[in-house]
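Down below is the structure, laid out as structure tokens.
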Amino acid sequence: MNPLSIEAQLLGLEQERVRALVEEDHGRVAQLFADDLVYVHTTGLVQDKAAYLEYAREAVRYLAIERGELQVRLYGNDLALMTGPQCNTLRKRDGEQAVRAEGFATQVWVRGAQGWQIASFHGTRSVA
């Protein structure tokens, strides 16, 4: 497959992840993450797939997710690294005040039987 078409596919899937989180399409979010997911939040909290999905359903409400320019690097046909800025606007479900978290995200995408999925997501906060 053409590396440019893989890059376009992954960028489209990332847009789908953003849409699914903001629209609370948790079924689609689950499809986009691999079963062996390691999710590292900007706070340092580390979660597996089940814990992250529960967090997205029960703990926070994503109001907006903005991505800057993303770089996709392919390693063979079934592994890609996506990096770039991210700004989340979210609110704790038991709170009223929205919080903006600006940072940088590194995502490891793997292609398996379920298609392309995120196996690792690591966010870091921007230094003010």
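The values are calculated or read from the model by the stated rules, or taken from the named source; none is laboratory data. Quantities reported herein were computed from a predicted structural model and do not represent experimental measurements. Cβ placement follows ideal geometry from the backbone for every residue including glycine, while neighbour counts extend to all protein chains displayed. The protein model used for the area step is the full one, side chains on, heavy atoms only, and it has no ligands, DNA or RNA in it. Shrake-Rupley method; radii C 1.70, N 1.55, O 1.52, S 1.80 Å.
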Exercise. Take the solvent-accessible surface of the protein heavy atoms, probe 1.4 Å, and return the percent of it on segment 1-58 that carbon and sulfur atoms account for.
Key: 53
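Let me make sure I get this right: for segment 20-69, a, b and c are the square roots of the gyration tensor eigenvalues over alpha carbons, sorted descending. Under 1.5 in a/c it's rounded, otherwise prolate if a/b > b/c, else oblate. Which is it?
On the way: a/c = 1.34, a/b = 1.14, b/c = 1.18.
Rounded is the answer for segment 20-69, as its axis ratio a/c remains below 1.5.
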Quiz prompt | Built amide H within the under 5 Å cut-off of residue 60, gap 5+ | solution = 93
Practice problem: For segment 90-106, just list the computed ³J(HN,Hα) in residue order, Karplus coefficients 6.51, -1.76 and 1.60, θ = phi - 60°, integers in Hz, with x standing in for Gly and Pro. | Solution: 9, 9, 5, 5, 9, x, 10, 8, 7, 10, 9, 10, 9, x, 9, 10, 10
Quiz item: Ranked by accessible surface with a 1.4 Å probe, highest first, in what order do 41, 122, 26 come?
Solution: 122, 26, 41
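Using the heavy atoms of the protein chains and a 1.4 angstrom probe, tell me the accessible area per residue for segment 1-52 in square angstrom.
Working: 2640 Å² over 52 residues.
Ligands and nucleic acids excluded, the result is 51 Å² per residue.
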Quiz item: Cα gyration tensor of segment 57-114, axes a ≥ b ≥ c as square roots of the eigenvalues: rounded (a/c below 1.5), prolate (a/b > b/c) or oblate?
Solution: oblate
Exercise. Please sort by residue number the GluC sites (Glu not before Pro) in segment 15-70 whose DSSP state is loop and whose Cβ has at most 11 other Cβ atoms within 10 Å.
Key: 23, 69
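Taking 0.36 nm per intervening residue step and subtracting the Cα-Cα distance, what contour gain separates residue 94 from residue 75 on full extension? Walk me through the numbers on the way to the answer.
Numbers: separation 19, 0.36 × 19 = 6.84 nm, distance 4.18 nm.
Here the answer is 2.7 nm.
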Quiz prompt | Inter-probe distance in nm under a simple model that places probes 7 Å from Cα toward Cβ, at residue 67 and residue 50 | solution = 2.8
Exercise. Show 75, 52 ordered by accessible area, largest first, where the area counts protein heavy atoms only and the probe is 1.4 Å.
Key: 75, 52
